[in-house]
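Novice: Quick one: the structure is below, and I'll ask about it shortly.
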Amino acid sequence: MKGRVAVLREYGGDFELREYPLPEVEPGAILVRLTRAGICGSDLHIWRGEMKAVYGETPRDLTFGHEMCGRVARLGAGVHTDSMGQPLREGDRITFAYFFPCGRCRVCLQDELGNCPRKGRPNRVAGTPPYFNNAYADYYYLRPNHYVFKIPDEISDDMATPVNCALAQVVYGLQRAGLRFGQTVVIQGAGGLGLNAVAVARDMGADRIIVFDRIPARLELARAFGADHALSLADLPTPEARIEAVRELTDGFGADVVADLVGYPEVIPEGLRMLRSGGCYLEVGNIAPGNVFSYDATALVRGNTRLVGTSNYSPWAIPQALAFMRRNLKRFPFERLISHTFPLERIGEAFRQAEWQRREGDPLRLSRAALRMDGD
Ligand SMILES: [Zn+2]
Ligand SMILES: [Zn+2]
């Protein structure tokens, strides 16, 4: 038996599908037959070539993708349940963390598995056993003793796709930021992360949620996901105008929590200036190396500002994310988060369509694309 893996041939360009043999499944491990793989903002950074410092000047045998869900194809010896104790059988739909905390270092010992400095990262060189190390492929190999969670029947594969990345990330991040009942939140950027953050903040009891983006379709979705004020950069073209808008909507105080879910460092200084005294800035968006910003350190001190950077999450964020989604199925249109799916063999086209930078103002542009590996 073999499965396909998508390999990027040139930055901003097309992929090649290569076939590899299915690996032996070690005791405690799980081989997953993937059904969906999302194209997340991080994947667009990699595809565009904005992460050359990590992956080289030209992509050599580069495979990637981390947002995904699938079905149990083979269970390793000794695996009988998911991490919540529910029976697990071949064919069951599952989601899981895409990174592997060591579980035994001094950071993990402080209950911070997402911060594990020794966490196993996916190997991105195609052809490295067990071959299925990333999401743009037919299979994914879950290393032994990993965290794995059954997907409730009410949640479709499309809806479950962002659970292990965008949704778990904001569930974890907003809790790390200390968002409390009744507070005011600003979300910078209404992409995949931003829309999930709006809905999660609403569910966590935020009183007022303000969202900034430039794409009308995203602003409309932000309203559907619970934003009170979805404001267009077209109407508020300068940082000063946007900061003023936040001041006006918060009785002059500024927001309790501001979250960057854009991914470009230019938004950070204006976001910091949207905070109330003692507020928290949650930085999630920037993942490409070299994203430098400049800010007055004295303003951080005088503002009693908390700055919380967050990448990855503790695995508990996944069952929290699934429970959040299940209890809000009637409240938020999760089925709209993935707007388009493409079969794996059309992955190059999917990336070109998902590319929003060149498609500004295009009313037909995608909100979020995913690959599908289960039939056409
Ligand atoms: Zn992601
Ligand atoms: Zn560790």
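Novice: At most 14 other Cβ atoms within 10 Å and a DSSP loop assignment: could you name the trypsin sites (Lys or Arg not before Pro) in segment 113-176 that fit?
Specialist: Those satisfying the criteria are ARG118.
Novice: Something else now. Using a simple spin-label model with points 7 Å from Cα along the Cα→Cβ vector, what separation in nm is obtained for ALA53 and ARG9?
Specialist: Modelled inter-label distance: 3.0 nm.
Novice: Just in segment 264-331: which trypsin sites (Lys or Arg not before Pro) are loop by DSSP and have at most 14 other Cβ atoms within 10 Å?
Specialist: Passing sites in segment 264-331 are LYS330, ARG331.
Novice: Here is a follow-up. Could you give the length gained on full extension between GLU16 and HIS340, defined as 0.36 nm per residue of separation minus the Cα-Cα distance, in nm?
Specialist: Here the segment from GLU16 to HIS340 would lengthen by 114.5 nm.
Novice: OK, next. Calculate, for MET204 and LEU307, the FRET efficiency according to 1/(1 + (r/R0)^6) with r their C-beta to C-beta distance and R0 22 Å; round to the nearest 0.05.
Specialist: That gives a FRET efficiency of 0.65.
Novice: Let me ask something else about it. Which angle from 0 to 90°, rounded to the nearest 10, does the C-alpha axis of helix 166-176 make with the longest principal axis of the chain?
Specialist: Between the helix axis and the principal axis of the chain, the angle is about 50 degrees.
Novice: Continuing with this model, one more query. Let me spell out the model: positive unit charges on the Cβ of Lys and Arg, negative unit charges on the Cβ of Asp and Glu, origin at the Cα centre of segment 178-306. What dipole size does that give, in debye rounded to 20?
Specialist: Value, rounded to 20: 220 debye.
Novice: So for CYS69, CYS116, fewest C-beta neighbours within 10 Å to most, what's the order?
Specialist: Ascending Cβ contact count within 10 Å gives the list CYS116, CYS69.
Novice: Got the relative contact order for the chain handy, in percent, Cα pairs under 8 Å and 6 or more residues apart?
Specialist: 18 percent
Novice: Lys/Arg Cβ at +1, Asp/Glu Cβ at -1, dipole of the chain taken about the Cα centre: which of SER156, ILE215, PRO144 is farthest positive-ward?
Specialist: Working it through, the farthest residue towards the positive pole turns out to be PRO144.
Novice: A further question on this structure: Within straight cross-link reach of LYS52, meaning Cα distance under 14 Å, which aspartates and glutamates are found once same-chain residues fewer than 8 apart are removed?
Specialist: Answer for LYS52, where 14 Å is the Cα cut-off: GLU10, ASP43, ASP61, listed by chain and number.
Novice: Also: In debye, nearest 20: dipole of segment 1-99 around its Cα centre with unit charges on the Cβ of K, R (+) and D, E (-)?
Specialist: The dipole magnitude comes to about 240 debye.
Novice: Ok, one more. How far apart, in nanometres, would the label points at ARG326 and GLN110 be if each is projected 7 angstrom from Cα along the Cα-to-Cβ direction?
Specialist: Each label point is offset 7 Å from its Cα along the Cβ direction, giving 3.3 nm.
Novice: Continuing with the same structure: Among ALA168, ALA224, VAL262, whose Cα sits farthest toward the positive end of the charge dipole of the chain (+1 at Cβ of Lys/Arg, -1 at Cβ of Asp/Glu, about the Cα centre)?
Specialist: ALA168
Novice: When we measure straight from the Cα of LYS150, which lysines land under 26 angstrom away, once same-chain ones fewer than 8 places off are left out?
Specialist: Reachable lysines: LYS2, LYS119, LYS330.
Novice: Determine the gain in length on full extension of the stretch ALA299-PHE253; use 0.36 nm per residue of separation and subtract their C-alpha separation, reporting nm with one decimal.
Specialist: 15.0 nm
Novice: Once label points are set 7 Å from the Cα along Cα→Cβ at both GLU90 and ASN291, what is their separation, rounded to one decimal in nm?
Specialist: 4.2 nm
Novice: How high is the relative contact order of segment 178-306? Use alpha-carbon pairs under 8 Å, at least six apart in sequence, and give a whole percent.
Specialist: This gives 23 percent for segment 178-306.
No value in this document is a laboratory result; all are computed from the given coordinates. As the structure is a computational prediction, the values presented were derived from the model and not from experiment. Note that each Cβ is placed from the backbone with ideal geometry, even for glycine, and that neighbours are counted across all protein chains shown.
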